[in-house]
Amino acid sequence: MNRRYRKTVIAGNWKMNKNAADAKSFISELKSSVRGKWCEVVLCVPFTAIPAAVKTAKGSRIDIGAQNCHFAPEGAYTGEISCAMLAEAGVKYVVIGHSERRRDFGESDRTVNLKAHAALDAGLRPIICVGESAEMRETGITLDVIRAQVKSALKDITADRVRRTVIAYEPIWAIGTGDTATAEQADEVNRAIRECLRQLYGARVARSISILYGGSVTPKNAYELFAMPDIDGGLVGGASLDRAAFEEIINAADQ
Ligand code: PGA
């Protein structure tokens with residue numbers, strides 16, 4: 001991480017876990033332990049837990065995120081939720097293009113780009129996920145795949161707006177598997193993402209954007225990961241469900 005130029009962000013991704021009551025008790029306890037921390041703490045909770053999470057986090061350092069959104073402002077999209085609805089509910093961040101959504105719900109580079117625009121239009125900060133499969137890594141095309149994902153996710157997003165985005169590198173083979181990328185592997189990809197941002201937007205903008213790592217982040221590996229120059233925090237799945245583990249990861253980012 002590089003505190004001089006950009007924010008460190010620790011974002012928990014609860015996925016389809018925990019209800020409103022759980023969110024209330026988790027956040028009430030987390031609130032006091034994050035007081036005085038300088039990193040940004042985000043909890044991306046299920047839609048139904050958003051009102052309770054926002055209410056409980058009010059006045060604290062914790063921001064609430066959603067895990068998905070629709071790209072249209074409104075309309076006949078049964079079952080979907082727009083970015084404006086999320087913003088109205090007090091949400092500040094939204095995860096876009098998580099590999100589980102790309103794999104199971106038809107999310108594509110094109111919808112990721114549309115959703116990123118929609119999130120920015122609504123004043124939300126998109127957390128855009130990119131990542132390669134194990135096969136892609138084995139065939140040596142990781143950096144090309146990641147660069148292509150970043151470029152298409154950011155298509156037509158202007159330099160002043162891109163500053164509000166966060167990028168999360170999440171190798172698919174590391175998510176929920178316990179098989180974390182080494183700090184060097186993760187930093188190599190994050191550095192390539194920053195270089196791609198530099199080509200698109202120039203050095204100043206590139207160095208101001210937080211690029212996270214996600215995929216089996218735990219209290220054990222967090223210190224080593226966050227010590228790397230281009231890893232500006234984490235998108236944490238499993239370990240964010242346990243308050244003590246999540247707190248320890250926040251502490252690792254706060255060094
Ligand atoms: P994990 O999930 O930490 O459980 O591997 C990360 C993610 O899916 O964002």
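A few remarks follow.
- Net charge over other residues, Cβ less than 13 angstrom from the Cβ of G140 (K, R count +1; D, E count -1): -4
- Atom-type composition of the exposed protein surface of region 9-253 places 52 percent of the accessible area on carbon and sulfur (1.4 angstrom probe).
- Net charge dipole, the chain: roughly 980 debye, given to the nearest 20, about the Cα centre with Cβ charges of +1 for Lys and Arg and -1 for Asp and Glu.
- In nm, spacing of pseudo-spin labels at E184 and A244 (7 Å Cα→C-beta vector): 3.4
- What the chain shows is 44 Å² of accessible area per residue, with the surface traced by a 1.4 Å probe over protein heavy atoms.
- Between region 234-249 and region 135-171, the Cα center-to-center distance that results, in Å: 24
- A helix-only calculation puts the chain at -12500 deg cm²/dmol for mean residue ellipticity at 222 nm, using -39500 (n - 2.57) for each DSSP H run of at least four residues, averaged over all residues.
- For region 9-253, a Kirkwood radius taken over Cα pairs fed into Stokes-Einstein (10 °C, viscosity 1.306 mPa s) yields D = 89 µm²/s.
- 5 angstrom amide H check on G234, placed H, neighbours 5+ away: V9, I10, A11, Y213
- With contacts taken as Cα pairs under 8 Å at a separation of at least 6 residues, region 9-253 carries a relative contact order of 19 percent.
- Looking at region 9-253 alone, DSSP beta bridges between its own residues are antiparallel in about 0 percent of cases.
The values are calculated or read from the model by the stated rules, or taken from the named source; none is laboratory data. These numbers were taken from a predicted model, which means no experiment stands behind them. Counting neighbours? That spans all protein chains shown, and the Cβs are built from the backbone with ideal geometry, glycine included. Areas reflect the complete protein model, heavy atoms only, side chains present, ligands, DNA and RNA absent. Shrake-Rupley method; radii C 1.70, N 1.55, O 1.52, S 1.80 Å.
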